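Here the structure comes first, spelled out in structure tokens, and everything after it is commentary.
The values are calculated or read from the model by the stated rules, or taken from the named source; none is laboratory data. Here the structure is a predicted model, which means the values were calculated and not measured. Glycine gets a Cβ as well: all are built from the backbone with ideal geometry, and neighbour counts include every protein chain shown.
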Amino acid sequence: MLPVVDKPAIQYVVEEAVRAGLSDLLFVTGRGKTSIEDHFDRVYELEDKLEGDTGKAGLLERVQAATELATIHYVRQGEPKGLGHAVLCGAQHIGDEPFAVMLGDDLVDERDTLLTYMVDVQQRHGGCVVALMEVPADQIGLYGCAAVAATDETDVVRVTGLVEKPPPEEAPSNLAIIGRYVLAPEIFEVLRTTLPGRGGEIQLTDAIEALIDRSADGGPVHGVIFRGSPLRHR
């Protein structure tokens, strides 16, 4: 809910999803996050007040726009058991369809079509798609890191391995995983049996790594290399 210019950061993420053609969104929240639900809900008292002021038509339109972006649902993650566990919390809602995972602390410029491109890659190749970004070698230990092989598509690579926050001297590349994923539903089966990894949490990276070895079941894993500069506010 951190304000960025004139709206909370989470709204930029929702708008990005909508631009990519996603209209049914599930928030995985936790204790003390009810302000997110309130933001995307109708506030009739405020709307009535703005409707009665002829000079506030623009504000009224902006307030209502946030409530009409998409169909939004919520599920609680009872304990902070990691990103993999958070994704697993959405299994019942998602079912057997491919889906996107968008982390709220990575913002992408609205002029960039990263997620749209990732959805397209997944639709053509199946499996999972992760967003990758080149980072300085001495910073790769802050991220999940991908080992990759080239394809014949610009900025699309085949992911051959993943490791969570490796020491720089052991990193297979300088390609870091950033907070955008398009995943096959087979990821849920893997997550159910994924043991806690780094930090004692269930790592989504570990589950995607397992699917690389089981590509016949869940399809291949591709990476789309993002050339922009995401705003990180974590």
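Is it fair to say LEU115 is farther than 30 Å from GLU37 by Cα, surrounded by 17 or more Cβ atoms within 10 Å (Cβ to Cβ) and not basic (Lys, Arg)?
No.
Would you mind finding the one in PHE188, PHE226 that is within 30 Å of GLY78 (Cβ to Cβ), touching a residue at least 60 places away in the same chain (Cβ under 8 Å) and of a type outside the set (Ser, Thr, Tyr)?
Selected residue: PHE188, the only one of PHE188, PHE226 that is within 30 Å of GLY78 (Cβ to Cβ), touching a residue at least 60 places away in the same chain (Cβ under 8 Å) and of a type outside the set (Ser, Thr, Tyr).
Only one of these conditions is not met by ALA137: (1) modelled with pLDDT under 95; (2) under 30 Å from LEU25 (Cβ atoms); (3) aliphatic (A, V, I, L, M). Which number is it?
(2)
Would you pick out the residues in region 68-88 that are within 24 Å of ASP206 (Cβ to Cβ), surrounded by fewer than 18 Cβ atoms within 10 Å (Cβ to Cβ) and hydrophobic (A, V, I, L, M, F, W, C)?
Correct list: VAL75 only.
Please work out which residue is surrounded by the most Cβ atoms within 10 Å (Cβ to Cβ), limiting yourself to region 222-234 and to residues that are part of a loop (DSSP other than H, G, I, E, B) and at pLDDT below 90.
Going through the qualifying residues, I end up with PRO230.
In region 122-143, how many residues are of a type in the set (A, V, I, L, M, F, W, C) and surrounded by fewer than 19 Cβ atoms within 10 Å (Cβ to Cβ)?
3
Test each condition in (1) touching an Asp or Glu at 6+ places or on another chain (Cβ under 6 Å); (2) surrounded by fewer than 17 Cβ atoms within 10 Å (Cβ to Cβ) for LEU162 and report the one that comes out false.
Among (1) touching an Asp or Glu at 6+ places or on another chain (Cβ under 6 Å); (2) surrounded by fewer than 17 Cβ atoms within 10 Å (Cβ to Cβ), the lone unmet condition for LEU162 is (2).
Here are some conditions: (1) at pLDDT 85 or above; (2) assigned to a loop (DSSP other than H, G, I, E, B). TYR74 meets all but one. Which one does it not meet?
(2)
Every residue in region 174-196 that is under 20 Å from the mean Cα position of the chain (by Cα) and either within 14 Å of HIS85 (Cα to Cα) or hydroxyl-bearing (Ser, Thr, Tyr) (or both), please.
First, pick out the residues of region 174-196 that are under 20 Å from the mean Cα position of the chain (by Cα): 175-192, 194.
Selection gives TYR181, ILE187, PHE188, GLU189, VAL190, LEU191, ARG192, THR194.
Please work out which residue is surrounded by the most Cβ atoms within 10 Å (Cβ to Cβ), limiting yourself to region 18-39 and to residues that are among the aliphatic types (A, V, I, L, M) and assigned to a loop (DSSP other than H, G, I, E, B).
ALA20
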